[in-house]
1. Collect the residues in the stretch 83-95 that are in contact with a helix residue (DSSP H, G or I) (Cβ under 7 Å, 6 or more places away or on another chain) and under 23 Å from L19 (Cα atoms), keeping them in residue-number order.
2. Is it the case that some residue within the stretch 118-127 is at pLDDT below 95, closer than 23 Å to D152 by Cβ and touching a helix residue (DSSP H, G or I) at 6+ places or on another chain (Cβ under 8 Å)?
3. Within the stretch 59-68, restricting attention to residues that are open to solvent by 10 Å² or more (accessible area, probe 1.4 Å) and not polar (S, T, N, Q), which residue is nearest to D109 (Cα to Cα)?
Amino acid sequence: MSDIQTDQGPRRLDSLGALREATDELLQGARLSVDLLSRDLEPALLDREPVRQALRDLCTGSRRAQVRILLQDSTRAIKEGHSLVELARRLSSFMEIRLLGPEHQAVNDALLIVDRRGYIRRESGDRPEGIAERDSPARAVELGEEFQRYWDASVADPNLRRLHL
């Protein structure tokens, strides 16, 4: 059993391996919602089968499921064919990817909020160091409100739309 399941408080993440483990664990437990803030969908963290499978299972397992992804820049994800971009296109009723609005482009945080109970927060989105908590509704709701402010000011990315020819 991993640390995030047994800890009663915040768990410090200090490596990509620890971040992957905490991410996979939170996502595998998702039942209703996932909010994700990332610079560019970080392929080393998010373009992996456990992430795809967890999000696919969430979206196909509940008609009320919602996955919202905010990016600073989608160029890399589109250019490299990130699997979550394609998943969002196929499951567009449940998953949406948007870009941070101009007033939030300087945001450097990375956030993952699951079911408004668990979260991972990294103050520097280009580093793996951060904090994870599996069951902290008060903190997850607080971070969710921050995410909602970003979401409300976000913009659609025309590059993420599927072209029908």
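1. Keep residues of the stretch 83-95 that are in contact with a helix residue (DSSP H, G or I) (Cβ under 7 Å, 6 or more places away or on another chain), which gives 83-85, 87, 91, 94-95.
Result: S83, L84, V85, L87, M95.
2. No, the conditions are met nowhere in the stretch 118-127.
3. Only one residue tops the list, namely R68.
The values are calculated or read from the model by the stated rules, or taken from the named source; none is laboratory data. Please read all numbers here as calculations on a predicted model, not as lab measurements. Cβ atoms come from the backbone with ideal geometry, glycine included; neighbour counts cover every protein chain shown. The area values use the complete protein model at the heavy-atom level, side chains included, leaving out ligands, DNA and RNA. Shrake-Rupley method; radii C 1.70, N 1.55, O 1.52, S 1.80 Å.
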